[in-house]
Every structure is written in C-alpha cells, then in structure tokens.
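Worksheet: one structure, shown below.
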Amino acid sequence: MNESTIALHLTDEAATSTLGAALAEAIRAISQDIEASGLHVAVAGELGSGKTTLVRATLRRLGVSGAVKSPSFALLEPYEVSRLHLYHFDFYRFKIPREFAESGFLEFFEPGNVCIVEWPERAGDYLPTADLSIRLSVLELGRSAQIGANTRIGEQCLCQLRNCLEPERADD
C-alpha cells in the first residue's frame, strides 16, 4: 500500500462512524498546522455511500452537539470547533461547476478553516485541490473507503488518521 493512501472495508454504518471519529482525532492532532494553512477534505461517493454519516461522526467527535444537518439544501453548514472554523459543504445540487465559482464559497478555503466537501466533483476545477480525498463506495457487503493525501498537510492528516485507525486495523 502507498504511504499516501489508506484503503478500508467498512462493514456497516458504525464502521463509517468510527472512520469519522478517527478523522476528527486526526484534525485535532494537526490543529496548529490547520490554523496556519487550513484543511480541505473532499468526500466523494454515490448516493447512500455514507458521506454525511462520516461527516456527522467527525463533527460529533469534535464536540458539536445539537442537530448536525446535511447541507444538501443550504449548501453550507458552519461550525465552531475549538479555535477552528469548520465548514460542511454539500454540492449535490450544483448543476454546473460554475455555480461554485459564483457562490462566493472560495473565501472559506483559507488558514484556520476546515472545509469538508461532499460531492466535490460537482464544483469541478473551480474547487481548490483537496488536501485529503475520501472516496466511499457501496459494496455488496458494506462499503469501502479510499483515502488519499494530495498536499503536505494532507499527508500529516493521513499519518494521524493511520495512527488513529491502527487499533481498529489490528483486529482485522
């Protein structure tokens, strides 16, 4: 396996939530670096693959209480997490990538912010390169997650994520 990727089999929704919690711990571990450069996590996959479940578990582990809504209609749900601003985007409703360019959302992709984007492909080349890319796929039994780093901070996040998942992987 490439050091810049992780491949996981997620047996059920609880396993997807475990991955989301591990992502939260990885974000927490590199929060000082995120303050300096920001973090963009792209979460792709077909309908029903667990994208919102993953993000919801991440937010819960980071301490967000109350309703954690899917931003399918609002396109964006903002959260304060410690000293970080976390923005959960869902671009499912975009018909053409230019809608991202016209939305004004690009200004959120800056130091101190964590931007988690569902359906990133709908924004096309207008969306900045993701630091960390997660692709969820539905399998006959469960789901799979392919996680890859595309930048230096993405590599840091992936390394922390790998460390958080080691106890889980030891049980496989």
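Computed from the coordinates by the stated procedures, all read-outs in this text should not be read as laboratory data. Given the structure is predicted, the values throughout are model-derived calculations rather than measurements. Positions of Cβ are generated from backbone atoms using ideal geometry, with glycine treated the same way; all protein chains shown enter the neighbour counts.
Worth pointing out:
- Compared with the direct C-alpha span, the chain from residue 5 to residue 107 gains 33.9 nm at full extension, assuming 0.36 nm per residue.
- Share, in percent, of DSSP beta bridges within the stretch 23-172 that are antiparallel, nearest 5: 45
- Packing rank of 139-151, 15-27, where each peptide gets the mean count of other beta carbons within 10 Å, highest leading: 15-27, 139-151
- The distance separating the Cα centre of the stretch 52-128 from that of the stretch 9-36 comes to 15 Å.
- Inter-label distance, nm, simple model (7 Å from Cα along the C-beta direction), residue 83/residue 163: 1.8
- With both labels modelled 7 Å from their Cα along Cα-to-Cβ, the residue 137 to residue 25 distance reads 2.7 nm.
- Relative contact order of the stretch 5-170, pairs being alpha-carbon contacts under 8 Å that are 6 or more residues apart, as %: 34
- Around residue 156: net Lys/Arg minus Asp/Glu count, Cβ-Cβ under 10 Å: -2
- If the chain linking residue 146 and residue 76 were pulled fully straight, counting 0.36 nm for each residue of separation and taking away their Cα-Cα distance, it would gain 22.8 nm.
- Neighbours of residue 124, meaning other residues whose beta-carbon lies under 10 angstrom from its beta-carbon, give a summed charge of -1 when Lys and Arg score +1 and Asp and Glu score -1.
- Calculated mean projected area of the Cα convex hull in nm² (choose from (i) 9.5; (ii) 11.9; (iii) 18.7), label: (i)
- Compactness of the stretch 76-172, expressed as Rg and Dmax over alpha-carbon positions, Å: 15.3, 47
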